[in-house]
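Input: a single structure, listed below in structure tokens.
The values are calculated or read from the model by the stated rules, or taken from the named source; none is laboratory data. Because the structure is a prediction, the values reported are computed rather than measured. Neighbour counts are summed over all protein chains in view; Cβ atoms, including those assigned to glycine, are modelled from backbone coordinates with ideal geometry. Areas reflect the complete protein model, heavy atoms only, side chains present, ligands, DNA and RNA absent. Shrake-Rupley method; radii C 1.70, N 1.55, O 1.52, S 1.80 Å.
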Amino acid sequence: MIEATFTRSRSGLLEGAVLKGHAGSGDYGFDIVCASVSSLALNFVNSLEVLAGCSADVDIDEQTGGYMAISLPSGFDKEEKVQLLFESFFLGLANLAEHSSEFVTVKVLEN
């Protein structure tokens, strides 16, 4: 199961996300749920950099996989473009969790 945890400030701004676990919806290399989560996350990080000029802080477990933490540099969380991209990432994962709830969960923590 992949657990996606988003952190939202009291003012409603998304500040970070942590993805943990493995979907287990298919054999290694053929797990389409895992591939979907990975694609959404990597596209989000790349979009931040290319479209919003924001280099997110990203921590990945390169040895065993199953872990990615994304946080925004100070000040970028208030930029409209950055929030739009972050909300899009959240929406994509929430939709995936809704339709593949046995493999993905999404929760939001208020900071």
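Quick look at the numbers
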read-out: Loop GluC sites (Glu not before Pro), segment 1-65 (other Cβ atoms within 10 Å of the site Cβ: 16 or fewer; DSSP); value: GLU62
read-out: Whole-Hz couplings from phi, Karplus 6.51/-1.76/1.60, listed for segment 62-72; x for Gly and Pro; value: 7, 7, 10, x, x, 8, 8, 10, 10, 9, 8
read-out: Selection from ALA97, ASN111, ALA41, by position along the positive dipole direction of the chain (Cβ); value: ASN111
read-out: The chain - accessible surface per residue (Å², probe 1.4 Å); value: 60 Å²
read-out: Accessible surface of LYS78 - all protein chains present, 1.4 Å probe, nearest 10 Å²; value: 150 Å²
read-out: Given charges at beta-carbon only (K, R positive; D, E negative), |dipole| of the chain in Debye; value: 260 debye
read-out: 5 angstrom amide H check on VAL104, placed H, neighbours 5+ away; value: ILE2
read-out: 12 Å beta-carbon shell around VAL82, net charge (K/R +1, D/E -1); value: -4
